[in-house]
Every structure is written in C-alpha cells, then in structure tokens.
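The values are calculated or read from the model by the stated rules, or taken from the named source; none is laboratory data. The model shown is predicted, which means the values in this text are computed figures rather than measured ones. Cβ placement follows ideal geometry from the backbone for every residue including glycine, while neighbour counts extend to all protein chains displayed.
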Amino acid sequence: MKKFLIKAAILGVCIFPICVSIELLLLIIPNEYSYKRQYVETKGDEIKVLILGNSHNEDGIIPALLGDSTFNMAIEGRYPYYDAVLAERYVPIMKNLKYVIWNLGYNWQYLNYKYSDSVLKHTKISTYRCMYEKYFDIPYPGFHNWSELINSKFNYGERILNYFIGNEAALQVCDSLGEHLYSYKNKLPNWKNVKEEIDVDNSDAKRCFEETLGYMCRIAAVCERCHVRLIVITTPYYKGSLQNFSSRGLAEMQMCVDAMKEFCPTMQYYNYMMDSRFTDDDFVDATHLSDIGAKKFTPILKEDCFPDF
Amino acid sequence: MLFNSFEFLIFLPIVFLLYWFVFKPLRAQNLFVVAASYVFYGWWDWRFLLLIALTTVCSFASGILLERSEGKRGRQKFISASNIILNLGILGVFKYYNFFGENLAALFRLFGMELDWVTVDILLPVGISFYTFQALSYTIDVYRHKLQATHDASAFFAFISFFPQLVAGPIERATNLLPQFSRPRTFDYDKAVDGCRQILWGLFKKMVIADNCAVAVNQIFDSYQGFGGVTLFVGALLFTFQIYGDFSGYSDIAIGTARLFGIDLMRNFNYPYFSRDIAEFWRRWHISLTTWFRDYIYIPLGGSRCGKWKVVRNTFVIFLVSGFWHGANWTFIAWGAYHALLFLPLILLGRNRKYTDTVAQGRLLPNAKEFAQMLGTFLLAVVGWIIFRAETIGQAGDYLYRMIAVPAITPVHGKKALLFVFIMLLIEWSRRNRQHAMQLSGTGLFRYRAVRWGVYIIVILFTLMFSGKQSDFIYFQF
C-alpha cells in the first residue's frame, strides 16, 4: 500500500503542475472573453455605443456599420446576471458612452445562471460560469469554477495547440470591434427547429423569473443613473419559429420591458421578432442572424435607433 | 455522480483511503461500501435509493426463504418466482410503463377510442436494468443450488450496490461477486496499479472518443435529411465508436475502480470491432449481459441443443429480449431482430464458435481474408447501430436509404473525432491480446519504465486537452 500511495503521489506531483501550467497558459492565450474585457478597460473612453447581451446581438449587429466608436461586447450564452454586473462595472466609468444596446428574447426571463439545471436545460452552464470567473472576475459560488480543465467545453486543447503552432486565425473568434459573424453556409439542415426547453411549471420557475427580471432592471437602473440611453431590442426570428411561441411567453416578454421602463423611463424598445424583411439566408438558425442577416439588420437598427448618429 | 466528473475525482480517493485505513474489519468495510455506493447513486437522485433498497431486501429475504424451504421444491419455485416477478415488475413500471401505455393508447386510437389516462411520464431510475438483473441472478442461482443463500446482509447489500458497477455494469453474477464480499480483502499492489491503468484508458475512451464523437453524431442524426450519403455514413461510423467508447470506457473505469478495492469484476468488452463474424462480435460485446441471457434464458430454453425450429426460436427470443432490455422503443427490438437474423445462419450451420482466438495472433497485421472479415462484420454492426440510434424504425430506414441513395456531397462533420478514433484503433489493435490497452509491460520499448510512464502521461495529457463536451454515459438510460 505504501508503494502504491507513493507512486500515486509521484504521479499527482507530475500531473498537478502540468494542469496548473495549462490553466495559466490559457490565461495568456487571447480569447473572446479576455479580448473584450481588455478592449473595454483600455479603450472604454472611446466607446460611444456599447452592445451588451448574448449571441443574438453578437452575431446580429456589426459595430462598423452602426457607427463610429461602437463596440460589440455581447458574448454567446450570456445571462442577464452577467450583463447586469458588467453594465454596473463599466457603464459608470466610460466617459463618452451615449448608448447601451441590450437584447431581450423570447423566454429570456428564465435565462438564469442559478436555475439552469432545473428550469432551462443548458449544457454549457459550467463553461459560462468558468469563463466569467476566470476572465471577467465575476465569481460564481463554489471553489472549482475557475478551472477550465474541470468546467470548460470551449476546446481549450485546440486553443493551446493553435497558440503553439501560431494559427492566429483560428484563435480569433471575433473581429476587432467584437463582432462574430456566422456564415449562412454553415447552418445545419435542421436550422428551422426551435428548442423550447422552458419548464414553466417547475417550482423554481417563478423565483427564476423574478430574479432574472431583477437583473434586467439593474441594467436599466445603471443606464438611467449614468444618463446613458438604453436601447432594448429583440432581434429578428425566423418566421416559422413564431408559431411555437405562446401568448404566455410573449406577455411575459412585454412585462420585462415594462418593468425595465420603470427603472429607466427613457429606455427605447424595438421589437424585430416578426419583421418580415428577413428571409431564409438571413438566419443560421431559427433565432440567430447569419452574416447576410447581420449586414441587413444593422443598417435597419441604425436607421431606427440612431438616425442622426 | 459521473466517473468523469470533478466530484468523482474527490470522492474516489476519499473512499479509497477510508476503505483501507479506517474500515478494516470485513463487516465495517462492507457497510462502508454500501454507504459510499448510496452516496454515489444518491448524488443523481436520492429518492431512487429506496428502489435499490427494496430490490436488495426482497432478494436477500428470498435467498433465506429459499434456504429454509429446502426440500420443498414447489414452495421454492413460488418464492423465487415471486421475487423475480417483483423485480421485473419494478423494472416494468419504471422502464416500460410509458412504452406499453403509449402503444396501447395508439392501438385504441386506431379504433377511435381515446385512452389518454394510460400515458403518464415516469422518470427512469439510472441503471435500474443493471442492478435488477444482478439481483435476479442471485435468486436464480440460489434456487438452482449453484450458490448458498447468504446470511450476511452487509455483504449482500454491498454486492447489489457496489458503486463502480451499480449504474452501468458489468452485470455481475452472484457466484462471482458475492463471495468476494464475504471474505476479507487485502490490498494487492499489482492489481491496484493495473486498475489505475484501466481507469485511465476508460477515461480516454469516454472523454476523448465518445464525447468528441457525440457532438458530430448529434448534429448528423438530428438533421440527417439535409446531409448527403457520405456524411450520413460518417455519422453512423462515429456513433459506432461513440457507443463503444462510452460503454467500454465506463466498463474499464468500473473494473479498474473495483480493483482498487480488491474486487475483480468480469470483463465486459474484448475488442469487439476486431471480430471476424457476428457470433464473435457477440462474444466480445457487453459480455456480462450476453452471458447473463445465455445462462438464464437461452440455455434453460434448450439453447442450441434442440431441434432447428427451437434453435431459431431461442435465438430470436434472446436477441429480442436483449434489444428490449436496452430500452422501451421499437428501434431496440428491431436492432435485436436484425442481429438475430445475422446470427441465425451461423448457429444453424454450426459455425458460431469458429473464431474464439485473437485475430492475427502473433502477427502485426491481419491477412487479406481476416481484414475483409473484420471489415464486413464491422459494417454489419454499423448498420445495426443506425437502427439503435434512430428515434423510430421509419427514421432508421430513411437514414439507411439516404446513406445509400443520396450521394450528394455535404460538409463532413467530425473530422477531429475520426482522427481520435484512428489513434484509439491503432493502440487497441496493438494491445488486442491484453485485458485492456494500457497493459504495456513486457515487450519492446515498454520494458523500460520511463517509456511506460511517458505513455501514461501522454494519455493523461491527451485526455485532459482533447476531451469533448462532458455528457452522461449512454448506457445509464438502460
């Protein structure tokens, strides 16, 4: 037994520093999270329009087409909680910031990092917790969320490999202004399917809704406090997906808008969910715009929200 | 709790140290195994611990009652039948109620009658088929006088709930596992070290092979109508390796973990994709289940030592039951029937035990005939896995049709997974006469300890760096 324990300890001593080295190496290899944080912290004063939100905004809005000094800080799978924390952290210190664009989608009142296992089945939740803790210093309760080796599903092995072979193109997830375009050619054959996974009858659902609404209101409140115009949008959805949406979900969406307006009366809301100008090639899936769709959508957004910008 | 989770990484060393250093007396050690196993299982859903406890208590009691009824065969038959019906009843309710309810409702709907009340959503307890079959083997073996009934409740509870194999096997026979819990265990260095190596290889197969294949497999099967034949074939190929990596990986981790505790579990996989015919495939795939069906269903029915029609019947029975064991869906039954059709000619011609040795024994590569036989058997297995993976029989047929009839070239998914599969196949081919692929010692460069350690560290790093998205083991649902 003694021999076994000694050998196990030797193996552990060999492996542990390697794991720590991988974690530290990942810290210095650029990724979308670290890039966007660094950009906002170093060039925050230059930003006039800050785009928050998740993949719907990240894929759908091209900062260069929207206007001067726009930065797309949205990242795939971001929960309103993280948007609230980021807004409270960065909006007050960005001196020239005029607008914050945030997106609201169908059933997002249930997008909550705490209840993801019970209400909304989200397979990547541990990845998001990890990435925000590691690269944005936004901790989640628990001691092992920091480790990508334990939590992340974002192909850290490939990131390290690409870093060492100098494949910078593969490491670059977004462009310099934070935009992440998704080619319509890469969409899957079942792109029209909508996954409706919300369990609104779950005992956690009510608490989840209230807490998430609270985060949305925090975004609104910080914009109001800093005299920054908050623009909430709902990006276009594929027309076929709308038939799956319930009146309950749509009514709750409007409730979220109304609640946010109470904290930020100047807030503007633009709903493009049922916009008929968008066709098949404009989408990569039922709820996300493709590169073609983003090029079509951004000028529309600009014309509606910032006619004089 | 998943084997490839952070929780298990903490759980295993703690249980290992307490097991060998704190709970040294046999009874205390067994009780500790039960407690640890219940924590392991309860991590998923503690409510279903009651089911395991019920199965255990009933099977334990049936053993004692069988012993007390010695000489009264009729009474013994009643006792064993009652316990079998109870266990199969629990399995039936939790695993098959929805299936029968839905099919019954569909049947009545044909005659214009609505029978909605028969469909209720029942949550399937993880691994229920595995521990139920293990409990059944005890009752049947005691009834057949192959095993004496145990009076040691702690050993029996440990036998049913032993955490490494509780949720996905190998399905142990009471004759093998129960005696190991009834006698004192001593730490065996060689066994423990080999167990660690087997765990490592199991983790590689699960995390690198199965989890990477799963991403492409899900994409392709979920929208197979939009893909060309080549992509569909790749999807089927990847699922073939996903299910192998997933299940044999689990078995390797289970067997390796058990060896750390001084327990030997039976082998569950023996490089099945290097088989030369379907009969050999079934001697190498999910061995614990195949032999269970052989011992408790096939042979009691007469096996192959009876008339031709009975052999046909027995073959179909065993494969259909095997298919149905996997899940409450017609696709699993069709998968069983498909394999029965492939197996039948071999058994009728008396060629089902033609290949019992290792392919290309003593040679680096197989000859052309062996290669063709392996490829043919493998492709037949691939077709079977399409039926197994599909959601309906119609979908399986459509998938197969499109795979052959729609040669359109569409983007091929899963190139990275295919590369990993190729690496695994190379390693497994080179170690095909060993219990598992990480048994390196002995020949060539592997005589040197530094080389062996180098290989272990490379495999560990590879597993850490290139593991796919963590997911449940496929066989948990069975």
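For the range B:62-77, how many residues are surrounded by 14 or more Cβ atoms within 10 Å (Cβ to Cβ) and without any contact (Cβ under 8 Å) to a residue 60 or more places away in the chain? Spell out the reasoning first.
To start, the set of residues in the range B:62-77 that are surrounded by 14 or more Cβ atoms within 10 Å (Cβ to Cβ) comprises B:62-67, B:69, B:75-76.
When the remaining residues are screened for being without any contact (Cβ under 8 Å) to a residue 60 or more places away in the chain, the result is B:65, B:69, B:75.
Total meeting the criteria: 3.
State whether the residues of the range B:211-223 include one that is more than 14 Å from every other protein chain (Cβ to nearest Cβ) and in a loop (DSSP other than H, G, I, E, B).
no
Identify the residue in the range A:40-59 that is in contact with a Gly (Cβ under 7 Å, 6 or more places away or on another chain) and in a helix (DSSP H, G or I) and, among all such residues, is farthest from the other protein chains (Cβ to nearest Cβ).
A:H56
What are the residues in the range B:28-52 that are among the small types (G, A, S) and in contact (Cβ under 8 Å) with a residue 12 or more places away in the chain, if any?
Within the range B:28-52, B:A36, B:S37 meet the criteria.
Kindly evaluate B:L379 against the criterion of being under 27 Å from B:L203 (Cβ atoms) and surrounded by fewer than 17 Cβ atoms within 10 Å (Cβ to Cβ).
So B:L379 does not fit the description; no.
I need a count of the residues in the range A:1-11 that are more than 7 Å from chain B (Cβ to nearest Cβ) and either surrounded by 12 or more Cβ atoms within 10 Å (Cβ to Cβ) or of a type outside the set (G, A, S) (or both).
Residues meeting the conditions: 7.
Is it true that some residue in the range B:450-469 is modelled with pLDDT of 90 or more, under 21 Å from B:H286 (Cα atoms) and of a type in the set (V, I, T)?
No, the range B:450-469 has no match at all.
Okay, residues lined up against (1) at pLDDT 95 or above; (2) hydrophobic (A, V, I, L, M, F, W, C):
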| site | (1), (2) |
| --- | --- |
| B:I387 | yes, yes |
| B:E391 | no, no |
| B:A405 | no, yes |
| B:I409 | no, yes |
| B:F420 | no, yes |
| B:R434 | no, no |
| B:S441 | no, no |
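From the list A:K239, A:K192, A:K206, A:K187, which residue is of a type in the set (D, E, K, R) and over 30 Å from B:D222 (Cα atoms)?
A:K206
So A:I75 clears everything in (1) in a helix (DSSP H, G or I); (2) free of Cβ contacts under 8 Å to residues at least 60 places away in the same chain; (3) away from chain B (no Cβ under 14 Å) except one condition, right? Which one?
Every condition holds for A:I75 apart from (1).
Evaluate the following for B:Y250: is it at pLDDT 95 or above, surrounded by 21 or more Cβ atoms within 10 Å (Cβ to Cβ), within 22 Å of the chain's Cα centre (by Cα) and away from chain A (no Cβ under 14 Å)?
Criteria not met by B:Y250.
Yes/no per residue for (1) of a type in the set (D, E, K, R); (2) at pLDDT below 90; (3) surrounded by 15 or more Cβ atoms within 10 Å (Cβ to Cβ); (4) more than 30 Å from A:E303 (Cβ to Cβ):
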{"site": "A:C19", "(1), (2), (3), (4)": "no, yes, yes, yes"}
{"site": "A:Y33", "(1), (2), (3), (4)": "no, no, yes, yes"}
{"site": "A:K48", "(1), (2), (3), (4)": "yes, no, yes, no"}
{"site": "A:S55", "(1), (2), (3), (4)": "no, yes, yes, no"}
{"site": "A:I62", "(1), (2), (3), (4)": "no, no, yes, no"}
{"site": "A:I75", "(1), (2), (3), (4)": "no, no, yes, no"}
{"site": "A:A87", "(1), (2), (3), (4)": "no, no, yes, no"}
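Which residues, taken from the range A:266-288, are outside any loop (DSSP other than H, G, I, E, B) and not hydroxyl-bearing (S, T, Y)?
Correct list: A:Q268, A:N271, A:D280, A:D281, A:D282, A:F283.
From B:Q29, B:Q76, grab the single residue that is in contact with a Lys or Arg (Cβ under 8 Å, 6 or more places away or on another chain) and assigned to a helix (DSSP H, G or I).
Within the list B:Q29, B:Q76, the selection yields B:Q29.
Among (1) surrounded by 11 or more Cβ atoms within 10 Å (Cβ to Cβ); (2) more than 12 Å from chain B (Cβ to nearest Cβ), there is one condition A:I28 misses while meeting the rest; what is its number?
Failed condition: (1).
Taking B:G235 as the residue in question, decide whether it is outside any helix (DSSP H, G or I) and within 14 Å of chain A (Cβ to nearest Cβ).
no
Give me a count of the residues in the range B:1-14 that are free of Cβ contacts under 8 Å to residues at least 60 places away in the same chain and within 14 Å of chain A (Cβ to nearest Cβ).
Quick first cut of the range B:1-14, residues free of Cβ contacts under 8 Å to residues at least 60 places away in the same chain only: B:1, B:6-11, B:13-14.
Now drop any that are not within 14 Å of chain A (Cβ to nearest Cβ), which leaves B:6-11, B:13-14.
Counting residues in the range B:1-14 that are free of Cβ contacts under 8 Å to residues at least 60 places away in the same chain and within 14 Å of chain A (Cβ to nearest Cβ) gives 8.
Being in the same structural domain as B:I427 (by TED's automatic domain parsing), closer than 17 Å to B:I386 by Cα and within 22 Å of the chain's Cα centre (by Cα) narrows it down to one residue among B:Q225, B:Q219, B:Q198, B:Q242; which is it?
So the residue among B:Q225, B:Q219, B:Q198, B:Q242 that is in the same structural domain as B:I427 (by TED's automatic domain parsing), closer than 17 Å to B:I386 by Cα and within 22 Å of the chain's Cα centre (by Cα) is B:Q242.
Considering only residues that are away from every other protein chain (no Cβ under 14 Å) and either touching a residue at least 24 places away in the same chain (Cβ under 8 Å) or part of a helix (DSSP H, G or I) (or both), which ones fall in the range B:441-460?
B:G444, B:L445, B:F446, B:R447, B:V451
Let me confirm something: among A:E133, A:E210, which residue is at pLDDT 80 or above, in contact with a Phe, Trp or Tyr (Cβ under 8 Å, 6 or more places away or on another chain) and either away from chain B (no Cβ under 14 Å) or in a helix (DSSP H, G or I) (or both)?
Result of the check over A:E133, A:E210: A:E133.
Would you pick out the residues in the range B:181-207 that are more than 14 Å from chain A (Cβ to nearest Cβ) and outside any helix (DSSP H, G or I)?
Listed by number, the residues that qualify are B:R183, B:P184.
Please enumerate the residues belonging to the range A:8-39 that are part of a loop (DSSP other than H, G, I, E, B) and farther than 30 Å from A:T235 by Cα. Break it down into steps so the answer makes sense when it comes.
Step one: list which residues in the range A:8-39 are part of a loop (DSSP other than H, G, I, E, B), which gives A:29-31.
Residue satisfying the conditions is A:I29 alone.
Yes/no per residue for (1) modelled with pLDDT under 90; (2) within 14 Å of chain A (Cβ to nearest Cβ); (3) surrounded by fewer than 21 Cβ atoms within 10 Å (Cβ to Cβ); (4) part of a helix (DSSP H, G or I):
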site: B:S129; (1), (2), (3), (4): yes, no, no, yes
site: B:Y138; (1), (2), (3), (4): no, no, no, yes
site: B:Q148; (1), (2), (3), (4): no, no, yes, no
site: B:P179; (1), (2), (3), (4): no, no, yes, yes
